[in-house]
Amino acid sequence: MVKLSAPQDDVKYVEGVCISMYPSSSTLSELWTESDADDASSLSLCGSHGALSWKSSADIDPAERIPALVLAPESEETVENEVALLGKIMERSRHLPGTSHYASNHIMVNKERTKRVTAPLVRLHELDELARRQAQRMADQSELFHSFPGEIQMNFHRPSRRFGENVARGVSIHDIHNEMMRNRADRNNILDRRFTNMGMGSARGLDGNLYLCQIFRG
């Protein structure tokens, strides 16, 4: 039997990262910011899709030059009244369950967003699976590191404008979440209005720590 070592008392993390991708159509050009354009010089091709290397999310202002409401890339809905639609979404968000009796990282993230009048993220099974794999890899090696952005891109078969990833380890989901909200890069990914979906996965390492990966998509 493998004896688990005592978990570390503090939360450890590797700062959140993001990746911007070329818009797939002219309808996405409104979301193409100056920072995205600057990144285009580092574009490298991955199969039939373009992919950028991870960059730190710390320098991104999630509220700057971004619409109050961003729809999922595959959405065919037309927003005629952004304020009215956001109001309906926020009204529905008031009924999100609490986290007093269990630790749901997805709910914690959406609570942070709705407190700031930001649409909640829809959880996707495909992103959960990618996040779970990354959490398990980190747990197996007792080390924090980001996944390869090309792996996410190749294994997520939906149109996407950008991805983000947060990774951390600690004793509990609550502790990890609270530390992420104190870190600018992780917090920016959690609150970025351009993200519409998320997935999360966790795994317990042989060192006794809980390893968590969050993947964001918009």
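Rule-based calculations on the coordinates, nothing more; no lab input. No experiment lies behind these values; they were computed from the predicted model shown. Glycine also receives a Cβ, built like all others from the backbone with ideal geometry; neighbour counts cover every protein chain displayed.
Need the full-extension length gain, Lys115 to Glu74, defined as separation in residues times 0.36 nm minus the C-alpha distance. One decimal, nm.
Once the chain is fully extended between Lys115 and Glu74, it gains 12.1 nm.
Each of the peptides 54-61, 180-187 was scored by the mean count of other Cβ atoms within 10 Å over its residues; in descending order, highest first, they stand as 180-187, 54-61. Inter-label distance, Val171 to Val122: 3.8 nm, where each label sits 7 Å from its Cα along the C-beta direction.
Rank-order 198-210, 165-177 by packing density, defined as the average count of other C-beta atoms within 10 Å over each peptide's residues, highest first.
Values: 198-210: 19.8, 165-177: 22.3.
Peptide ranking by packing, descending: 165-177, 198-210.
3J(HN,Hα) along the range 200-214, derived from phi through the Karplus expression 6.51 cos²θ - 1.76 cosθ + 1.60 where θ = phi - 60°, amounts to 9, x, 9, 8, 8, x, 5, 7, x, 8, 9, 9, 10, 10, 10 Hz, with x in place of Gly and Pro. The chymotrypsin sites (Phe, Trp or Tyr not before Pro) of the range 130-180 that DSSP puts in a loop, and whose beta carbon has at most 16 other beta carbons within 10 Å, are Phe145. Here the Karplus relation 6.51 cos²θ - 1.76 cosθ + 1.60, evaluated at θ = phi - 60°, turns the backbone of the range 178-193 into coupling constants of 4, 5, 4, 6, 8, 9, 4, 5, 5, 4, 4, 5, 4, 9, 4, 5 Hz, with x for every Gly and Pro. Label zone (Met181, point 7 Å along Cα-to-C-beta; backbone nitrogen cut-off 18 Å) within the range 113-141: 113-121. If every alpha-carbon in the range 105-217 counts as one equal scatterer, what log10 I(q)/I(0) does Debye give at q = 0.13, 0.15, 0.17 1/Å? Scattering profile of the range 105-217, log10 relative to I(0): -0.44, -0.59, -0.76. Taking 4 °C and 1.567 mPa s as conditions, the range 158-218 diffuses translationally at an estimated 107 µm²/s according to Stokes-Einstein applied to its Kirkwood radius (Cα pairs).
What does DSSP give for the range 105-217 in terms of the percent of beta bridges that are antiparallel, rounded to the nearest 5?
Numbers: 16 of 18 bridges.
In the range 105-217, DSSP labels about 90 percent of beta bridges as antiparallel.
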